[in-house]
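Heads up: the structure comes next, in structure tokens.
The values are calculated or read from the model by the stated rules, or taken from the named source; none is laboratory data. Here the structure is a predicted model, which means the values were calculated and not measured. All Cβ positions, glycine included, derive from the backbone under ideal geometry; neighbour counts span all protein chains shown.
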Amino acid sequence: MDLGEVSSVTGLDKSTIAYYVDQKIVTPLYPHRRRADEAEYAQEDLSKLKACANLRRLELPLDQVREVLGSRESAAKILVDYYGVLKKRLENEQVRLGCLQHLDLGQFEDISEIIDTFAELKLDLPLPGRDTDHDADRERRLTFNKMRAELYELETIRQQLSRSKSRYFRLMLIFLFLFIACLGWIISPYLF
């Protein structure tokens, strides 16, 4: 089945399917082909694509979706943990909604009344991560810098290997030339 057929059967955009293939959520029947639109897909791929889309609709991160679709044990643990996260998030949202529901925001005559009202609220909710961790992107930045350093190191090694290969090739040419010259010098008296 080609990409167009998969798109019509699953209801997913071709670009979404290509993204899931690129993220290694689904491996087409012919994985040696690099492009998603050139690959052939099996029935199992359709099920994985639909499952992946539904798990993403539940806002499960892609790395966890990959694990859920990979093994039963991982799926059970991740989904139970995620259920707990969603339940806690729902409880927090209900507290927030309840606080705002009991306020008649239209009755305030002065900004000081709004400030006093919100200052008096007793909320047992965590602050957003950005408020407590002022460098929330630090981990991503460190990972990116580490990958950049590794890439630089690999490129340096590749260049060194390329130079070594070039030197080796030149030396081999010199030895070959010297060998032929010596051979010619040795054989030349017998030829005349």
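Taking only the stretch 45-103 into account, find how many residues are polar (S, T, N, Q) and closer than 18 Å to residue 17 by Cα.
Residues that pass the stated criteria total 3.
Condition first: in a helix (DSSP H, G or I) and among the polar types (S, T, N, Q). Now tell me which residues in the stretch 48-72 satisfy that.
Scanning the stretch 48-72 gives 54, 64.
If you check residue 143 against the conditions, is it under 30 Å from residue 20 (Cα atoms), among the hydroxyl-bearing types (Ser, Thr, Tyr), assigned to a helix (DSSP H, G or I) and not assigned by TED's automatic domain parsing to the domain that holds residue 26?
Judged against the criteria, residue 143 is a match.
Does the stretch 117-133 contain any residue that is of a type in the set (Gly, Ala, Ser) and either surrounded by 10 or more Cβ atoms within 10 Å (Cβ to Cβ) or touching a Cys at 6+ places or on another chain (Cβ under 7 Å) (or both)?
No, the stretch 117-133 contains no residue that is of a type in the set (Gly, Ala, Ser) and either surrounded by 10 or more Cβ atoms within 10 Å (Cβ to Cβ) or touching a Cys at 6+ places or on another chain (Cβ under 7 Å) (or both).
Quick grid of which residues meet (1) part of a helix (DSSP H, G or I); (2) on the phi < 0 side of the Ramachandran plot; (3) among the small types (Gly, Ala, Ser):
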position: 98; (1), (2), (3): yes, yes, yes
position: 103; (1), (2), (3): no, yes, no
position: 113; (1), (2), (3): yes, yes, no
position: 124; (1), (2), (3): no, yes, no
position: 127; (1), (2), (3): no, yes, no
position: 150; (1), (2), (3): yes, yes, no
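Any idea how many residues of the stretch 78-110 are surrounded by 14 or more Cβ atoms within 10 Å (Cβ to Cβ) and within 27 Å of the chain's Cα centre (by Cα)?
3
So, in the stretch 118-161, of the ones that are at pLDDT 80 or above and of a type in the set (Ser, Thr, Tyr), which residue ends up nearest to the chain's Cα centre (by Cα)?
The qualifying residue nearest to the chain's Cα centre (by Cα) is 143.
What do you reckon, is residue 23 polar (S, T, N, Q) and at pLDDT below 90?
Yes.
Take the conditions crowded, with 17+ Cβ neighbours inside 10 Å and farther than 30 Å from residue 120 by Cα and apply them to residue 29. Does it pass?
No.
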